[in-house]
Amino acid sequence: MKDDICNICGRTEYRPVLRINKDTLIVKCSGCNTARTYPYPGFNFTEQEKYSKFYLDNEKMFRMFASSMMDVLRAHKSSGSILDIGCSVGYLLDAAKSAGFTSTCGIELNREAARVSRDKGHVIYEKPLEELGLEKGKYSVIVFNHVLEHIPHMKPFLSEVKNILKDDGIIYCGAPNYNSLMQRWLRSRWYGWGMPDHVWHFEVSTFRAALENNGFRTKELVQNAMYYPYSKSLRKNTRATVARLAGSLGLGDQVYGIFLKDSQDSHI
């Protein structure tokens with residue numbers, strides 16, 4: 001897509017924030033103030049062979065992430081049905097089943113990752129959420145971690161999330177935060193830009209607004225650091241140290257939140 005209309009608010013006025021390369025800009029909408037990639041990127045996860053392999057080759061790390069996320073979820077909701085949108089090979093769903101969730105479902109567009117997750121006994125859908133027609137009020141917990149930045153048309157996606165969430169359910173949403181020390185240091189080399197497949201780029205205020213303007217209210221909001229592993233490389237170790245320091249100072253490059261259904265109608 002190369003449409004210059006903001007798919008959140010419909011405005012066409014924006015200003016450049018950063019040039020990633022000769023063909024790609026980060027721009028900020030003058031209406032909703034959300035940053036996005038310009039032109040809109042197009043990316044197909046369906047046949048990406050390296051996608052599932054990356055998760056399988058780094059199983060220990062991703063199971064650690066899943067365990068940490070499950071600790072957050074269980075502080076708010078400890079049982080019921082869970083839907084993980086963008087579930088990859090199912091590590092979070094594995095953790096949810098072990099934690100006592102009675103129904104573990106996922107959405108995964110990558111065919112191989114969906115197969116791996118389904119083979120472990122989870123219910124896996126291979127279509128975008130908006131095309132599934134899932135039952136209203138079906139899920140106690142809906143997770144979309146580092147997914148929202150990939151969704152070109154955010155409003156219908158979030159509308160359907162709200163539709164299938166139980167009235168007393170919760171959602172967990174996380175995304176990169178570009179208003180951070182790591183981005184200021186690395187600029188176009190910051191990996192949170194997620195080229196070529198990230199559409200949207202959030203700071204804490206626009207991340208929160210994206211949810212609250214589409215039918216949710218914030219229960220918990222946390223700014224921390226994305227994962228930068230230590231290794232034998234001095235450069236990588238420096239980045240990892242700076243990222244952890246930034247996170248501890250409230251300047252981290254990731255934000256996540258627990259959100260509830262808002263009883264009032266969306267006002268966008």
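Looking at the calculated P(r) for the stretch 88-226, what percent of the C-alpha pair distances fall above 28 Å? Mind dumping the intermediate values first?
Values: 2063 of 9591 pairs.
Roughly 22 percent, rounded to a whole number.
Calculate the dipole size of the stretch 175-245 relative to its Cα centre from +1 charges on Lys and Arg beta carbons and -1 charges on Asp and Glu beta carbons; express the result in debye to the nearest 20. Don't skip to the answer; put the middle values down first.
Details: 11 positive and 4 negative charges, 92 e Å.
I would put it at about 440 debye.
Does the stretch 76-143 come out rounded, prolate or oblate, given a ≥ b ≥ c as the square roots of the eigenvalues of its C-alpha gyration tensor, rounded meaning a/c under 1.5 and, failing that, prolate meaning a/b above b/c?
Values: a/c = 2.15, a/b = 1.16, b/c = 1.86.
Taking the square roots of the gyration eigenvalues as a ≥ b ≥ c, the stretch 76-143 is oblate.
When only C-alpha pairs under 8 Å and at least 6 residues apart count, what is the relative contact order of the chain, in percent? Intermediate results must be reported in sequence, preceding the final value.
Numbers: 527 pairs, mean separation 44.0, N = 268.
Rounded, it is 16 percent for the chain.
Only four residue types carry charge here, +1 at the Cβ of Lys and Arg and -1 at the Cβ of Asp and Glu. Report the dipole size of the chain about the Cα centre in Debye, rounded to the nearest 20.
Details: 36 positive and 29 negative charges, 194 e Å.
Rounded to the nearest 20 debye, it is 940 debye.
Express the C-alpha Rg of the chain as a ratio against the empirical globular expectation 2.2 N^0.38 Å, rounded to two decimals. Intermediate values should be presented prior to the final figure.
Numbers: Rg = 18.1 Å, N = 268, 2.2 N^0.38 = 18.4 Å.
Normalised by 2.2 N^0.38 Å, the Cα Rg of the chain equals 0.98.
Which Cα, out of SER52, GLN223, GLY250, lies furthest along the positive dipole direction of the chain (beta carbon charges, K/R +1, D/E -1)?
Comparing the listed Cα positions along the dipole, GLY250 ranks first.
For a bin width of 5 Å, list the pair-distance distribution of the stretch 18-115 built from all Cα-Cα distances, rounded to whole %.
Pairs per bin, as whole percents: 2, 12, 16, 15, 12, 13, 15, 9, 4, 1.
Using only the Cα atoms of the stretch 20-60, each taken as one equal point scatterer with no solvent, compute I(q) by the Debye sum, divide by I(0), and report log10 of the ratio at q = 0.30, 0.33 Å⁻¹.
Treating every Cα as an identical point scatterer, log10 I(q)/I(0) equals -0.96, -1.06.
Might you list the cysteines of the chain that have no disulfide-compatible partner by the rule of another cysteine's Cβ under 4.7 Å?
Cysteines of the chain left without a disulfide-compatible partner: CYS87, CYS105, CYS173.
When we measure straight from the Cα of LYS22, which aspartates and glutamates land under 20 angstrom away, once same-chain ones fewer than 8 places off are left out?
Candidates past the 8-residue exclusion: ASP3, ASP4, ASP197.
Lys/Arg Cβ at +1, Asp/Glu Cβ at -1, dipole of the chain taken about the Cα centre: which of VAL116, TYR178, ILE8 is farthest positive-ward?
Of the candidates, TYR178 comes out farthest on the positive side.
Beyond 25 Å, what share of the Cα-Cα pairs of the stretch 169-268 is found? Please give it as a whole percent.
Working: 1313 of 4950 pairs.
I get 27 percent for the Cα pairs in the stretch 169-268 exceeding 25 Å.
Which pairs in the list LYS53/LYS77; LYS28/LYS261; LYS53/LYS120 are over 22 Å apart, alpha-carbon to alpha-carbon? Write out the running numbers ahead of the final one.
Working: LYS53/LYS77 31 Å; LYS28/LYS261 28 Å; LYS53/LYS120 16 Å.
As for pairs spanning more than 22 Å Cα to Cα, those are LYS53/LYS77; LYS28/LYS261.
Here, each number is a calculation from the coordinates, and none is a lab measurement. Not measured: the values here are computed from a predicted model. Don't worry about glycine lacking a Cβ; one is built from the backbone with ideal geometry, like all the others, and counts go over all protein chains shown.
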